[in-house]
Amino acid sequence: MTRFLWLNWSGGGNLPPSLGIARALTERGHRVTFAGRPEMVPRVEAAGFAAIEYKRAYEQVERYPQGHPLTRAACYLTSPAVEEETRAIITAEEPEAVLIDAMFPAALAQKPSLRAPAALICHTFVFRQHEMWRKMIAQLGGMREQAGFGNLPTMDELWLSMDRIVCTALAAFDASPVPGWELVRHVGPVLEDEKVAIPAKLPWPDTDATPLALVSFSTGFEQRNLDKLQRALDALGDLPVHAVVTTGGIVDPAELCVPTNAVALNYAAHDPIMRRAALVLTHGGHGTAMRALRHGVPMILMPGLAADQPYIAAQMQEWGVGRMLPVDAAVETIRAAAQEILSNPSYRRRAKQRATALASADGASAAADELEDLADEKSSPVFRPVCLSSANALAGV
């Protein structure tokens, strides 16, 4: 039995696959404890795992650039207070292996102080979005510097310091490997539903031949966009379809004006809906896009805030399995894209062709294999104090 500590960024596309991997590890007799921002805790506990709350997650938020959609996220992901609390959590928990989300520079920067093995977990493509990752980590580091704190290492320095990089995407769907990045292990998508996402009873019988459209944009609070959801519903309201919108708990269904051919739900298991669906409207998150492809369902993709979403949306359009639209696309534009996809069987045919590569993928089990192998490499104490370089030193605390 290995004690795993997961230093977590509970973004919309990160937590569900993380819980899926944790489930696979737990079924093999290991223990997984998550540590993350306050918003993470109830979701992890609902899934049956131990959760540690970062009490200082937003302690220094007022020093970060105000009015930016990433202000709170950047504080949690990069602040010196979170660095300090990370070290305290590691010392208190004494894990035998540490898992750190790709988006968490404050935690990744502690790798030089770890004796136990540590894996970076990336829940989207690594190589297809390699430059995006560099820019995203640099942007977060830049916001930290604007707050008056010392700089953090670069993305390459942070990621390549790890013992392994586990990517929950298919290697066949990613771009060619980058030389020097042999640490990356592709395990395939982890398409886990959270406990709150239960099968929903829809108002239309399974025998109803009317095309069904699923609208699901994000479960991340940073990506709340009531207007986008409403425009999608308005676009589908005049079409001969049934529509299901899941708001992910970040929009109250009562805030929406729901047309007579639609139903709005906070949460619902997506697999049963996608088995019936003819179309998915999504933000381009890796998990939702891969789930739609696994069911052979074409997509309309309207990328949101996360930096990987435009890349994924563009790839789906390039493969001919969907249409990429801007986040502010007008109702008429969304409606026209839906009509095109529903009336052109080539979108469905190409989506079903891509589905064959995903049919046997079990990312949770493959990730557990990698992490068990990693944990076997070392068994010494997990944390030792070191003299941090100036790049990692706490500043302004």
Task: Vicinal HN-Hα couplings computed from phi for the stretch 41-49 (Karplus, 6.51 cos²θ - 1.76 cosθ + 1.60; Hz; Gly/Pro x) - done: 4, x, 5, 5, 5, 5, 7, x, 10
Task: Karplus-derived HN-Hα couplings along the stretch 274-284 (A = 6.51, B = -1.76, C = 1.60, θ = phi - 60°), whole Hz, x at Gly and Pro - done: 5, 4, 9, 6, 9, 7, 10, 9, 9, 7, x
- [ ] Rounded to the nearest 0.05, what FRET efficiency do T91 and D328 give with R0 = 56 Å and r taken as the Cβ-Cβ distance? Could you check?
- [x] 0.75
- [ ] Measure off 7 Å from each Cα along the Cα-to-Cβ vector at L160 and T26, then give the distance between these two points in nanometres to one decimal.
- [x] 3.7
TODO: Within the stretch 265-295, find all residues whose amide N lies under 15 Å from a label point positioned 7 Å from the Cα of A46 along Cα-to-beta-carbon.
DONE: 265-270
Open item on the list: What FRET efficiency comes out for T260 versus E39 if R0 is 45 angstrom and r is the Cβ-Cβ distance? Round to the nearest 0.05.
Closed with: 0.85
Task: Computed [θ] at 222 nm, helices only, for the chain once each DSSP H run of length n ≥ 4 contributes -39500 (n - 2.57) - done: -11000 deg cm²/dmol
TODO: Mind checking the full-extension length gain between D369 and A307? Use 0.36 nm per residue of separation minus the Cα-Cα distance, one decimal, nm.
DONE: 19.4 nm
Open item on the list: Explain nothing, just the number: relative contact order of the chain, from Cα pairs under 8 Å at least 6 residues apart, as a whole percent.
Closed with: 19
Open item on the list: Quick check on the stretch 73-129: take the gyration tensor over C-alpha atoms, sort the square-rooted eigenvalues as a ≥ b ≥ c, and tell me if it's rounded (a/c under 1.5), prolate or oblate.
Closed with: oblate
Task: Amide proton proximity set for L170, modelled H, under 5 Å, gap of 5+ - done: G188
- [ ] Would you mind computing, in nm to one decimal, how far apart the modelled labels at A359 and W319 are, each placed 7 Å from Cα along Cα→Cβ?
- [x] 1.6
Task: Distance between the stretch 155-194 and the stretch 291-330 - C-alpha centres, whole angstrom - done: 21
Task: Cα gyration tensor shape for the stretch 212-358, rounded if a/c is under 1.5, else prolate or oblate - done: rounded
Task: Ranked Y58, Y64, criterion: other C-beta atoms within 10 Å, fewest first - done: Y58, Y64
TODO: Would you mind putting 361-372, 283-294, 339-350 in packing order, based on average other-beta-carbon counts within 10 Å, highest first?
DONE: 283-294, 361-372, 339-350
TODO: Would you mind classifying the chain by shape? Square roots of the alpha carbon gyration tensor eigenvalues, ordered a ≥ b ≥ c; an a/c under 1.5 is rounded, otherwise it is prolate if a/b is larger than b/c and oblate if not.
DONE: prolate
Open item on the list: Under 8 Å for C-alpha pairs, at least 6 residues apart: give me the relative contact order for the stretch 212-358, rounded to a whole percent.
Closed with: 24
Task: Tail weight of P(r) past 18 Å, computed on alpha-carbon pairs of the stretch 73-176, percent - done: 48
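Each value in this text was obtained by applying a stated rule to the coordinates, not by laboratory testing. Note that the coordinates shown come from a computational prediction; the quantities given were computed from them, not determined experimentally. Every residue, glycine as well, gets a Cβ built from its backbone with ideal geometry; the counts of neighbours run over all protein chains shown.
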